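Structure below; questions to follow.
The values are calculated or read from the model by the stated rules, or taken from the named source; none is laboratory data. Everything numeric in this text was worked out from a predicted model, so none of it was measured. Here the Cβ is made from the backbone with ideal geometry for all residues, glycine too, and neighbour counts use every protein chain on show.
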Amino acid sequence: MPLRPFVLPVLLVVVLVGCSSQQSQRPSAPVTFEDPPAAVTPLHELHGSLIGVPADSEVELALLEVNRRDQPDRLLSSVQLKGRGNELPFILKFNAEKFPKDQQVELRGRVTRSGQLIMRLPAVQVSSPASQSLGPLRLVPAP
């Protein structure tokens, strides 16, 4: 004997029973929500814009701790962007607690297209871990 004729009436009964039940009582005590945890590490940011970024290019900006020989020692933060063929705004967030006090810090950048380096950002000195606006920065052709 097929079960199909019995399925529809059973489903209707289940739906009606579910709709006819009483609503649950609301809790008498007020519900309290915890405040979201504060950020463990304070993030600061460098922001500005890049001038001369070609369309369909990839841009990488890096905040680097640099040694006395101008070689990168440690990456503090980085961001990757897509070129649009006009001025490209950027925001680079970094942990202010990791900012070295006695080392030189620079913002460096490179622009690639199809994996080939086509432009670069000359090193920009960053002397303080405070958030700062760097304004418009001009890219130069890669050697």
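So which of Leu81, Leu92, Leu64 ends up being in contact with a Phe, Trp or Tyr (Cβ under 9 Å, 6 or more places away or on another chain), surrounded by 13 or more Cβ atoms within 10 Å (Cβ to Cβ) and modelled with pLDDT of 90 or more?
The unique qualifying residue is Leu81.
Identify, please: which residue in region 92-135 is basic (Lys, Arg) and farther than 20 Å from Glu58 by Cα and is, among those, farthest from the chain's Cα centre (by Cα)?
Residue satisfying both the conditions and the ranking: Lys101.
Within region 111-120, does at least one residue satisfy the condition of being of a type in the set (Val, Ile, Thr), surrounded by 11 or more Cβ atoms within 10 Å (Cβ to Cβ), more than 13 Å from Pro54 (Cα to Cα) and in contact (Cβ under 8 Å) with a residue 60 or more places away in the chain?
There is no residue in region 111-120 that is of a type in the set (Val, Ile, Thr), surrounded by 11 or more Cβ atoms within 10 Å (Cβ to Cβ), more than 13 Å from Pro54 (Cα to Cα) and in contact (Cβ under 8 Å) with a residue 60 or more places away in the chain.
What number goes with the only condition from (1) outside any strand (DSSP E or B); (2) touching a residue at least 60 places away in the same chain (Cβ under 8 Å); (3) within 17 Å of Asp102 (Cβ to Cβ) that Pro54 does not pass?
Single failed check for Pro54: (3).
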